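Report on the structure given below.
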Amino acid sequence: MNATWGKEHLLNKIAVEFVRYVLEQNPKADNFVAIYDAMSRTACARSFHNLGHEELAMAGISFSLLDTNKLEELIAQAQRLMVSK
């Protein structure tokens with residue numbers, strides 16, 4: 001395993017764990033807009049390991065509306081992991 005892959009894997013893991021945290025804290029968020037809003041509120045409050053928008057961006061979470069496809073994929077991945085537990 002090279003160092004780049006290891007770093008990308010860790011950052012993706014942080015991103016997925018953030019989304020899982022948001023989904024667990026907001027069980028009524030059942031559509032993209034509600035989940036996006038909950039994620040943004042969580043980032044503003046830094047309630048997930050004190051990570052804000054800037055730190056989450058470094059982990060691969062973009063709140064840009066230009067990146068909604070990537071965010072939707074990340075949400076789907078987190079939801080699949082929650083179901084498999």
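Helix 3-25 against the longest principal axis of the chain: what's the angle in degrees, Cα atoms only, rounded to the nearest 10?
Helix 3-25 sits roughly 10 degrees off the main axis of the chain.
With no solvent and one equal point scatterer placed on each C-alpha of the chain, evaluate the Debye formula and give log10 I(q)/I(0) for q = 0.16 Å⁻¹, two decimals.
At q = 0.16 Å⁻¹ the computed log10 ratios are -0.58.
Relative to the present Cα-Cα distance, how much length would full extension add between Asn26 and Met82 at 0.36 nm per residue of separation?
Gain on stretching Asn26 to Met82: 18.8 nm.
Can you give the calculated 222 nm mean residue ellipticity of the chain, where each DSSP H run of n ≥ 4 adds -39,500 (n - 2.57) and the sum is split over every residue, rounded to the nearest 500 deg cm²/dmol? Don't skip to the answer; put the middle values down first.
Working: 4 runs with 60 residues, N = 85.
Counting only the DSSP helices, I get -23000 deg cm²/dmol.
Where a number appears in this text, it was derived from the coordinates with a stated rule and is not lab data. Just so it is clear, the structure is predicted and the values come from calculations on it, not from any experiment.
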